[in-house]
Amino acid sequence: MRGVKLLLMMTAVAGAGIAVPAAAQKMLTSYMTLTTSAAEKAAQVALARCQKDGFTVAVAVVDRGGQPLVLLRDNLAGPHTTRTAIGKAATAVSFRTDTTELAATTQAGKAASGIRSLPEVVAVGGGIMIRAKGSIVGGIGVSGAPGGDADDVCAKAGIAAINDAIELE
């Protein structure tokens, strides 16, 4: 009976002009995402870079779904930096763009300015997507340096530390 229902449904969909493969469509998918150890290494290197430059920051690394894997905070980093770092990393992953670019395209008066009012969106430089083999596998966010461009430098250092390893994985 189940086979008959599936055949009828596929026939109805095909009759509507929608192409449906002869076999049932896949119901599961698999994807790449960062491991905790990769996230730890990226965060440690990003934090070290900022400390070397004299900045007290928080660094967050999230998986491809925007969920935190690692959070490191310099002892003297402001209390706002932890949430901001997580928000930057998750925003980069969610919008599939680095937050410096998102900040520019969502300024007041621009068509996408409403994005800034969405919950948990942090449209400030310092959030960068992490890619491997052409896919987004996570994001890194840095908060606390004097400006998003300085946060970006530290985040990029963290990504560079793991880039070769995740591309070869």
Legend entry - Helix-only CD estimate at 222 nm, as mean residue ellipticity for the chain, using -39500 (n - 2.57) per DSSP H run (n ≥ 4): -14500 deg cm²/dmol
Legend entry - ALA132 long-range amide H proximity, modeled H, under 5 Å: VAL137
Legend entry - LEU76, LEU71 arranged by Cβ crowding within 10 Å, fewest neighbours leading: LEU76, LEU71
Legend entry - Residue-wise HN-Hα coupling along the stretch 89-102, computed from phi with Karplus coefficients 6.51, -1.76, 1.60 (Hz; x: Gly, Pro): 4, 5, 5, 4, 5, 4, 9, 6, 7, 5, 5, 5, 5, 4
Inset, instruction - Run the dipole for the stretch 63-127 about the Cα centre, Lys and Arg Cβ at +1, Asp and Glu Cβ at -1, nothing else charged, and hand back the magnitude in debye, nearest 20. - result: 100
Inset, instruction - May I ask you to compute the full-extension gain from SER113 to MET27, defined as 0.36 nm times their residue separation minus their alpha-carbon distance, rounded to one decimal in nm? - result: 27.3 nm
Legend entry - Equivalent ellipsoid, the chain (semi-axes from 5 times Cα gyration tensor eigenvalues, Å): 39, 20, 12
Inset, instruction - Return MET27, MET32 ranked ascending by Cβ neighbour count within 10 Å, so the fewest neighbours appear first. - result: MET27, MET32
Legend entry - Sorted by Cβ density within 10 Å, fewest first, the residues GLU167, GLU40: GLU167, GLU40
Inset, instruction - Work out the charge dipole of the chain with +1 on the Cβ of Lys and Arg and -1 on the Cβ of Asp and Glu about the Cα centre, then indicate which of GLY147, LEU28, ALA123 is farthest towards its positive end. - result: LEU28
Legend entry - Set of lysines near LYS52 by C-alpha distance (under 21 Å), chain-local residues within fewer than 8 positions excluded: LYS41, LYS156
Legend entry - Whichever lysines have a C-alpha closer than 27 Å to that of LYS26, once near sequence neighbours (fewer than 8 apart) are set aside: LYS5, LYS133
Legend entry - Additional length obtainable on full extension of the chain from LYS52 to LEU168, 0.36 nm per residue less Cα span: 38.9 nm
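Since every read-out is calculated from the coordinates, none of them should be taken as a lab result. Because the structure is a prediction, the values reported are computed rather than measured. A quick note on method: Cβ atoms are made from the backbone with ideal geometry, for glycine too, and the neighbour counts reach across all protein chains shown.
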